[in-house]
Amino acid sequence: MIINHPILGPRDSAEFTYMGDAALLDRPDWQAKDALLQFVDYGYLRDNPAGPHIELWYHEQGDRSFLVVTRDTTTHQISSVKLASDVARGRGRSK
Amino acid sequence: MRYSGLRVLKEALTGHKGWKPAWRDVAPQAHYDYIVIGGGGHGLATAYYLARNHGAKRVAVLEKGWIGGGNVGRNTTIVRSNYLLDGNEPFYEHSLKLWEGLEQDINYNAMISQRGILNLVHSDAQRDAFTRRGNAMILNGADADLLSTETIQKRYPFLNVNNARFPIKGGLAQYRGGTVRHDAVAWGYARAADQLGVDIIQNCEVTGFRIEGGKCLGVETNRGYIKGDKVASCVAGSSGRLMAKASMRLPIESHVLQAFVSEGLKPVLPGVITFGAGHFYCSQSDKGGLVFGGDLDGYNSYAQRGNLPVVEDVCEGAMAIFPMLGRVRLLRMWGGIMDMSMDGSPIIDHTHIESLYFNGGWCYGGFKATPASGWCYAHLLATDTPHEFATAFRFDRFAKGQMIDEKGMGNNPQLH
């Protein structure tokens, strides 16, 4: 698989480490009343779709950036690659 | 019809006209006591033990394709019970005992071959870990033997014990482990279940669950609605896809694991051997092909095919311990979809929806577990209490912090 890195261009996926569902970007509020339940869901439950999946790839053998990649789990086709920091800032976070 | 040597002789002399289909081709009835979704090894074993151990009468196995077309036909056929943790080891040892008596039980030649499995040790720390594991196995009634480098060199002269980077420092052997003809497991269980009255319905895909008031009443299929008093999901690999139809999220990711077969060779490899420094395991099939595999590709996939970096990695593992394989040609390779759970251990439990049960999360240890999985799942379905060997395989172990994490990898399904 080739991942088209937003800064470095097309890179072999072997340079990356897969870090799971991109829903992991959004940690629950640790002060919420039901924080414990929310963290169990966050830590252990996954949507695991057959089809487009939004996921995190860490460029461990490269620039150490986290990417948010949209990839079809039935074909391995990659349709979108963004920097995770851009995605997080887009949701109003500082980093 | 019972299979026997006498029967083969009789059929040979009478032109093989007496053989009948091993199971009936039936249309689904409107209502069953038990509906098992998934006609793989685990589903068929579940149906068989429901009928055999619990006297269940109206049991259906629904299979969207054909019997044995899923993971039971896509694995590396190894059986063993060399686990460490208390939640796992009694279960897998029960499974190995069931394998040992399976052929007589279901009257089917599954070519069970207890040729032994050897896990190689490459460092002092690994020897400590394997010593501990061997002791845990023995405590649970399994067999284990810690071998020295000298013994290994004598028994397996083709192994490169002096590899500069990964010298072989010993090994943990389980002589009762071995291989089984995987397709025969599906066919044998299907035939035995069918003889006890189980309806095996192929080309019947579950398209949804009918759930009212928190209770599962039956399943929608491409062959119409089927009412079921108890509905049992048993589709490891596709668990995410199926349980999404019941709006359930699971502690599971689906990953692809590749397996490989070489061209046929004369007997070169006694037993199953695993490489402890990389991830590589290998055995030789009765046809002569070397059957081997390694790591997951490492990302969510339902594609049943992997990518080349893992092929290279697996072949490097092979060369590191079996330099003699350098000129062997790869014949074919394939990918199977694994239910990778959050702690690397399976789930056999009821769901929060009444009358809906779940069996899955087998990671890549599902094949060896087939008989015990069916045995324990049937027990759960029939009695509504977990079997004593499967009490740890609960959904709520993640919330309660009672994970069964053999490798200590945490909630990283791709690393188990």
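Since every read-out is calculated from the coordinates, none of them should be taken as a lab result. Since we're looking at a predicted model, the values are computed, not measured. Ideal geometry is used to build each Cβ from the backbone, glycine not excepted, and the neighbour counts take in all protein chains shown.
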Short to long, in 5 Å steps from zero, the percent of alpha-carbon pairs of chain A per bin is 3, 13, 22, 21, 19, 13, 6, 3, 1
So, relative contact order of segment B:211-297 in percent, Cα under 8 Å, 6 or more apart, is 21 percent
Sorted largest first, the Cα spans of segment B:1-110 on the principal axes come out in Å as 54, 38, 29
Expressed in nanometres to one decimal, the distance between label points 7 Å along Cα→Cβ at A:Tyr58 and B:Thr14 is 6.8 nm
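Based only on Cα atoms, what Rg/Rh ratio does chain B have, Rh being taken as Kirkwood's radius?
Working: Rg = 21.5 Å, Rh = 22.1 Å.
A ratio of 0.97.
Quick one: if the Förster radius is 60 Å, what FRET efficiency do B:Met409 and B:Asn109 give, using the C-beta to C-beta distance and rounding to 0.05? Walk me through the intermediate numbers first.
Working: r = 38 Å, r/R0 = 0.64.
It comes to 0.95.
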Expressed in angstrom and rounded, the centroid-to-centroid distance over alpha carbons for segment B:133-195 and segment B:1-28 is 35 Å
Distribution output for the protein assembly as shown: share of Cα-Cα pairs per 10 Å bin in percent, first bin at 0, values 4, 18, 28, 26, 17, 6, 1, 0, 0
Given pairs B:Lys20/B:Lys266; B:Lys10/B:Lys57; B:Lys154/B:Lys287; B:Lys17/B:Lys230; B:Lys64/B:Lys368; B:Lys57/B:Lys215 and cut-off 28 Å on Cα-Cα distance, the over-length ones are B:Lys20/B:Lys266; B:Lys10/B:Lys57; B:Lys17/B:Lys230
Straight-line reach check, B:Lys169, cutoff 15 Å on alpha carbons, 8 or more apart in-chain or any other chain, hits among aspartates and glutamates -> B:Asp124, B:Asp128, B:Asp145, B:Glu150
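Work out which chymotrypsin sites (Phe, Trp or Tyr not before Pro) in chain B are exposed loop sites (DSSP not H, G, I, E or B, at most 14 other Cβ within 10 Å) and give the longest gap free of them. Each step should come with its number before you reach the end.
Working: sites that count: B:Trp19, B:Trp66, B:Phe158, B:Tyr175.
The longest such stretch corresponds to B:176-416.
If you build the Cα gyration tensor of segment B:116-197 and take the root of 5 times each eigenvalue, what three semi-axes come out, in whole angstrom, biggest first?
35, 17, 10
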Cα extents of segment B:195-274 per principal axis, largest first, Å, are 59, 36, 20
Counting only residues 5 or more apart in sequence or on a different chain, those whose built amide H sits under 5 Å from that of B:Tyr302 are A:Thr74
Once the in-chain neighbours fewer than 8 apart are removed, the aspartates and glutamates whose Cα is under 17 Å from B:Lys227 read B:Asp33, B:Glu63, B:Asp199, B:Glu205, B:Glu212, B:Glu354
